[in-house]
Amino acid sequence: MKRSYRGTVAILTGGGDTCALNRSIETIKNVAYLLDYRVLGIYAGWKGLLGDGFIVDISEQSINGHIGGSILGSSRTNPYKEGQNRVDEVLSNIKRYGIDIIVSIGGDDTNGVAQRLYKDHGIPVIGFPKTIDNDIKTQTMHHLQNGQSVEAALCPGFPTAARNIVQLTASLRTTAMTHNRIFVLEIMGRDAGWLPASSALGGADFILVPEVPMTEERIRRFYDLVRHMHDHEHNDIIIGVSEGVRWWNEKSGTCDVVMESRELDAFGHPRLGGVGAMIANRLREEGINQPRTQVAGYIPRSGRISEYDHQVASALGQMVLKMILHEQFGHMPVLDHMAPFREVEAYNTKTIPLASLGNKGFPADVYYDESRFTVTDHYREYLSMLIPEPPRLPQKIEYSKFLPD
């Protein structure tokens, strides 16, 4: 018997992939289906609404929300791109496929397109947060143990990425200890230090974030601290570095990012990379022995979803049901405040207007110790909710040289 539907909900995923995407799709699909909506997937983000469109029916598709990636693919497509505006194609395909509601899963760029479609053309959209950088302004409060509060952020995808960075950092320690070596671990984080700062829970000795530019004076102090640790404390050192850290450029007299390529994506972002190797080379020039570079690359995006991430994506996905029922379009579900795993439920969510969406940097004034180039206990407290059981860090044996009788 053919099923009758009250309407059609279409889901898309845009931008870089995360381990929370499939769980987000799975939950949203299930709640929409329970409300008697046909559920379509827009393949490869906004690209799936260009040309003739690439649409799939996932109403009765089984989805494994435990694995990373997106069954709907992804791209960094911007139909509003200057000089190549293709919004008319998007509007035509929305009408052609009978789409009543679009749920846009992505970061600031992807959901920025959804906001413009809602504002300019009245398209019923629901935004859904996703990023491993955790740099979306979700208005999530972190109530500190000292009674103070700080506006933090929490996006599906970040908890798993943070867990992966913690594990990678802890794993590097064993080879660093074996060879008495310094590792500079370069980690994604174009404009925000949330992810590089998570390396602290994996035992990183120093951390550099974009929010605190590395001026000429800070670079000198940083080298002095690394040398002091190397010569007087322990010579196996791990330095977690954001790919977007602003480093003093002697030629320009400013603090600039290091770019792998000047080629821009559809949203105008250059490809960053290489700051880790640059720092390792500078340490070598300083006479500090055997620095090596490890680029985390796509490891934070990969693998299976963490329990905390699974719970957050589920809670926010359940909130979409309420938003559809109340026709609360042009909004996004977010976590109201930071909470331990068992308290991450739908009652701990709220909605914010897509119009208020923006980038949220790492609150360095609360979470970062600028003088010591590491995170504060407040950020460790934040991370402990996402990763309640961090890895056990290896302990180095301090030997006394054996002498013959």
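The values are calculated or read from the model by the stated rules, or taken from the named source; none is laboratory data. Not measured: the values here are computed from a predicted model. Don't worry about glycine lacking a Cβ; one is built from the backbone with ideal geometry, like all the others, and counts go over all protein chains shown. What goes into the accessible areas is simple: the full protein's heavy atoms, side chains included, and nothing from ligands, DNA or RNA. Shrake-Rupley method; radii C 1.70, N 1.55, O 1.52, S 1.80 Å.
Points to keep in mind about this one:
- Accessible-area composition of region 293-405, carbon plus sulfur, in percent [1.4 Å probe]: 51
- Net lengthening on full extension, ASP377/ALA277 (0.36 nm per residue, minus Cα-Cα): 33.1 nm
- Helix-derived mean residue ellipticity, 222 nm - over the chain, DSSP H n ≥ 4, -39500 (n - 2.57), to 500: -9500 deg cm²/dmol
- The slack between ASP405 and LYS95, meaning 0.36 nm per residue of separation minus the straight C-alpha distance, is 102.6 nm.
- For the chain, convex hull volume per residue from C-alpha positions, Å³: 160
- In terms of packing, defined here as the mean over residues of other Cβ atoms within 10 angstrom, the peptides 335-341, 390-396 line up highest first as 335-341, 390-396.
- Label separation (LYS396 vs GLN290): 1.0 nm, computed from points 7 Å beyond Cα along the C-beta direction.
- Across all C-alpha atoms in region 146-247, the radius of gyration and Dmax reach 14.5, 44 Å.
- Nearest-ten-degree value, helix 158-179 long axis tilted from longest Cα axis of the chain: 20
- Take 10-21, 40-51, 195-206 and order them by the average number of nearby Cβ atoms within 10 Å per residue, most first; the result is 10-21, 195-206, 40-51.
- The calculated Kirkwood hydrodynamic radius for region 181-330 is 17.5 Å, given to one decimal from all distinct C-alpha pairs.
- Calculated from the alpha-carbon coordinates, region 249-405 shows an Rg and a Dmax of 22.6, 85 Å respectively.
- Between region 1-54 and region 215-263, the Cα center-to-center distance that results, in Å: 43
- Straight-distance crosslink candidates among aspartates and glutamates, where the alpha carbon sits under 14 Å from LYS251 and sequence neighbours closer than 8 are dropped: GLU216
- Protection proxy ranking for 299-309, 317-327, 87-97, using the average of other Cβ atoms within 10 Å per residue and placing the highest first: 299-309, 317-327, 87-97.
- Rounded to 5, percent antiparallel among DSSP beta bridges of the chain: 40
- Antiparallel content of DSSP bridges confined to region 54-177, in %, to 5: 45
- Members of LYS130/LYS322; LYS119/LYS322; LYS29/LYS81; LYS95/LYS119 lying beyond 23 Å, as alpha-carbon distances in this model show: LYS29/LYS81
- Region 88-192 - accessible surface per residue (Å², probe 1.4 Å): 34
- Available extension along the chain between LYS322 and GLU217 is 32.6 nm, counting 0.36 nm per residue and deducting the alpha carbon span.
- Taking the chain and dividing mean pair separation by its residue count, relative contact order in percent (alpha carbons under 8 Å, at least six apart): 19
- Taking the convex hull of the alpha carbon positions in region 314-387 and averaging its projected area over all directions gives 6.0 nm².
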